[in-house]
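Engineer: Right, I'll just put the structure down here and ask away after.
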Amino acid sequence: MSTLHLAVALDGTGRHPASWREPGARPAELFTARYWAGLAAEAEAGLLDFVTFEDGLALQSSSPEGPDERTDRVRGRLDAVLTAARIAPLTRHIGLVPGVTATHTEPFHISKAIATLDHVSRGRAGLHVQVSGLPYEAAHFGRRAFPVGGAELHAEAADHVEVVRRLWDSWEDDAEIRDVATGRFVDRDKLHYIDFEGPHFSVRGPSITPRPPQGQPPVTAASGVLDGTADLVYVSARDADGARTAASRVAGDPPHVFGDLTVFLDQDGPAAAARLARLDELDELDGGPYTDDTATFTGTPAQLADLLQEWRAAGLTGFRLRPGVIAQDLPAITRSLVPELQRRGVFRRAYGADGLRGLLGLDRPGNRYARPPAA
């Protein structure tokens, strides 16, 4: 039976707005390297494929119209790419996938940032591409008019990723000579101009950073953002039929389709539901219960394992779990859910591959600019 792939989304103290008020949440440490290193270490101890780091270009808000001015919820984030780079030397196996909003960032900057992360992590970097059509986020960037329609946002993101990938290939794998005796550090013939010209970007290249160890770090995105070009797509579903439909609608047949799922776990199912109800009451959520753009699961690790296997049979290759309260639900994933999946023979018992592409079963791609070997 093939291995199920498992990732965790790390965001603040957890997905629920009241998670920072729970015992063990450590809100005073949210903006320290130690906090994030501890979460990544816990995820790696659970043998997970990768962690994602959430990011954004404005303060978190419960309102789509702009900042909600609430002071009773976590506000503020560290930069996702820099956080991943800080954690990289402290981990050995787990993939590190920071979020980047392509709408307002230059692909040249992102290409070298993720290439650098891949070098310092020895091949464990990924890139999660996000888009933003929010006017209050665009107000931070006054250099240009930004795309306002979903189709244009997604087209720009596709161009962004194409530039990033070409820049990763702009150094051939053996471009660095480093020969002290001859005084040659680099073979200039193996650095390439990418000369990208499109409706959104004009980039000459080459990159200033040598080709990443993985060649091409995996690119992930929510369904619809990078149709046909992402290596891994996240979909949302409410049940197995919804998972089947969502997987069938993903364009381009990517290697992986992961289900996004927010989880509240306990050794007793009703206790997990009661915890969520208590958090809702604590947060005073505008007269209604917590809702999310992903499905929300409450129950035991064994019940979650049943659901993951059912949804995998519906066409998903893995899952990104979003802990409702990181202090409680991340350890429940690594110390209870993972052993349950191992007992069922559907999850690894040790890291057996190098790099994030290896964990995901993806081959290392060749370089588009390299000349074929002479016959």
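The values are calculated or read from the model by the stated rules, or taken from the named source; none is laboratory data. In this text, all values refer to a predicted model and were calculated from it rather than measured experimentally. Glycine also receives a Cβ, built like all others from the backbone with ideal geometry; neighbour counts cover every protein chain displayed.
Engineer: Working only within region 10-25, note down all residues that are in a loop (DSSP other than H, G, I, E, B), aliphatic (A, V, I, L, M) and within 24 Å of Leu96 (Cβ to Cβ).
Structural biologist: Correct list: Ala25 only.
Engineer: Give region 246-265 a look and list any residue that's farther than 30 Å from Ala277 by Cα and either in a helix (DSSP H, G or I) or in contact (Cβ under 8 Å) with a residue 40 or more places away in the chain (or both), or say none.
Structural biologist: Across region 246-265, the qualifying residues are Ala247, Ser248, Arg249, Pro255, His256, Val257.
Engineer: Quick check on region 90-120: of everything there that is among the charged types (D, E, K, R) and closer than 17 Å to Ala40 by Cα, which residue is surrounded by the most Cβ atoms within 10 Å (Cβ to Cβ)?
Structural biologist: Asp118
Engineer: Additional query: Between residues in region 19-48 that are in contact (Cβ under 8 Å) with a residue 40 or more places away in the chain and residues that are outside any helix (DSSP H, G or I) and among the polar types (S, T, N, Q), which pairs lie under 7 Å by C-beta distance while being six or more apart or on different chains?
Structural biologist: Matching pairs, first to second residue: Ser19/Thr13; Trp20/Thr13; Ala25/Thr13; Pro27/Thr13; Leu30/Thr13; Ala40/Thr91; Ala41/Thr91; Glu44/Thr91.
Engineer: Evaluate the following for Gly123: is it of a type outside the set (Phe, Trp, Tyr), modelled with pLDDT of 95 or more, surrounded by 16 or more Cβ atoms within 10 Å (Cβ to Cβ) and assigned to a loop (DSSP other than H, G, I, E, B)?
Structural biologist: Criteria met by Gly123.
Engineer: To continue, here is another question. For residues that are among the acidic types (Asp, Glu) and surrounded by fewer than 21 Cβ atoms within 10 Å (Cβ to Cβ), scanning just region 289-348, find the one that is nearest to Ala43 (Cα to Cα).
Structural biologist: Only one residue fits best here, namely Glu340.
Engineer: Go through region 313-349 and give me each residue that's farther than 24 Å from Val257 by Cβ and of a type in the set (A, V, I, L, M, F, W, C).
Structural biologist: Val325, Ile326, Ala327, Ala332
Engineer: Closer than 30 Å to Pro213 by Cα and either free of Cβ contacts under 8 Å to residues at least 12 places away in the same chain or of a type in the set (Gly, Ala, Ser) (or both): does that describe Asp354?
Structural biologist: Against the criterion (closer than 30 Å to Pro213 by Cα and either free of Cβ contacts under 8 Å to residues at least 12 places away in the same chain or of a type in the set (Gly, Ala, Ser) (or both)), Asp354 does not qualify.
Engineer: Which numbered condition in (1) buried (at least 18 other Cβ atoms within 10 Å of the Cβ); (2) in contact with a helix residue (DSSP H, G or I) (Cβ under 8 Å, 6 or more places away or on another chain) is the only one that Val250 fails?
Structural biologist: The one condition Val250 does not meet is (2).
Engineer: In the set Gly142, Gly66, Gly133, Gly123, which member is in contact with a helix residue (DSSP H, G or I) (Cβ under 6 Å, 6 or more places away or on another chain) and on the phi < 0 side of the Ramachandran plot?
Structural biologist: Gly133
Engineer: Scan region 125-142 and tell me whether some residue there is over 30 Å from Val235 (Cβ atoms) and over 26 Å from the mean Cα position of the chain (by Cα).
Structural biologist: yes
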